[in-house]
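The values are calculated or read from the model by the stated rules, or taken from the named source; none is laboratory data. In this text, all values refer to a predicted model and were calculated from it rather than measured experimentally. As a convention, Cβ positions derive from the backbone with ideal geometry for all residues, glycine included, and neighbour counts pool all protein chains shown.
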Amino acid sequence: MGAWKLGAIVAPLNPIYTEHELEGPLREHGIETVVTLTRFYQRVKNVQPRAGVRRVIATSIKGIFSPLLRVLFTMLREKKDGDRIALKPGDSDFAHLLRVNRGRRPRTEAPAPEDNAVLLMSGGTTGTPKGVLGTHGAYVIAGTQLKAWNASALRGADDVIFLPLPMFHVYGNWACRR
């Protein structure tokens, strides 16, 4: 949502893509900025020169943990699981960017319905992922349809739906953004 407020097109990719699988979409679609978990940082860095990525922003999973879990993760898992990294020159830490930009306002103009919002990979019938663009208008329509469809089963705003779907998959991407 924040990327859209900045006017960016979001291109969620499968985090377990191999370097080869990651390189194609990044290069072919001119993706300029990658936000990645620290455990996948080195994979992105290996692909960056061949893919033309300009900016890499790393974020740690422990940022969402409770204080106790954060301490335990740091002591027991962070280094072992590859989450403790040293950023290369020119790369950014997501938490730091949030801190130094706190209070700044993103662009004020709302995107138009025909503006591109998302680039999703679709294997279609060939199995080879190709980028498919979705617009802000399509997301609004899909969200409105989902809300209407769910209205018959839900009791209101306090209901919760559990959708164990990956955010890089088309259904998980639009259905979970309600």
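For the reader, a short list of remarks on this structure follows.
- Residue selected from region 119-139 under the condition of a type in the set (Val, Ile, Thr) and under 19 Å from the mean Cα position of the chain (by Cα), by the criterion nearest to residue 168 (Cα to Cα): 132
- Total residues in region 48-63, condition out of contact with any strand residue (DSSP E or B) (no Cβ under 9 Å at 6 or more places or on another chain) and either farther than 18 Å from residue 3 by Cβ or modelled with pLDDT of 95 or more (or both): 4
- Single match in 34, 10, 47, 56 (criterion: aliphatic (A, V, I, L, M) and more than 21 Å from residue 97 (Cα to Cα)): 47
- Scope region 13-25; condition in a loop (DSSP other than H, G, I, E, B) and surrounded by 18 or more Cβ atoms within 10 Å (Cβ to Cβ); matching residues: 13, 17
- The residues of region 32-76 that are touching a residue at least 40 places away in the same chain (Cβ under 8 Å), of a type in the set (Val, Ile, Thr) and not in a helix (DSSP H, G or I), listed by number, are 35, 57.
- The condition of being of a type outside the set (Lys, Arg), under 19 Å from the mean Cα position of the chain (by Cα) and exposed (fewer than 11 other Cβ atoms within 10 Å of the Cβ) holds for only one of 164, 106, that being 164.
- Single residue of region 105-154 satisfying the filter (basic (Lys, Arg) and within 21 Å of residue 9 (Cβ to Cβ)) that is modelled with the lowest pLDDT: 107
- Taking the numbered list (1) surrounded by 17 or more Cβ atoms within 10 Å (Cβ to Cβ); (2) in contact (Cβ under 8 Å) with a residue 40 or more places away in the chain in turn, residue 28 passes all entries but (1).
- Check on residue 108, free of Cβ contacts under 8 Å to residues at least 40 places away in the same chain, assigned to a helix (DSSP H, G or I) and among the hydroxyl-bearing types (Ser, Thr, Tyr): no
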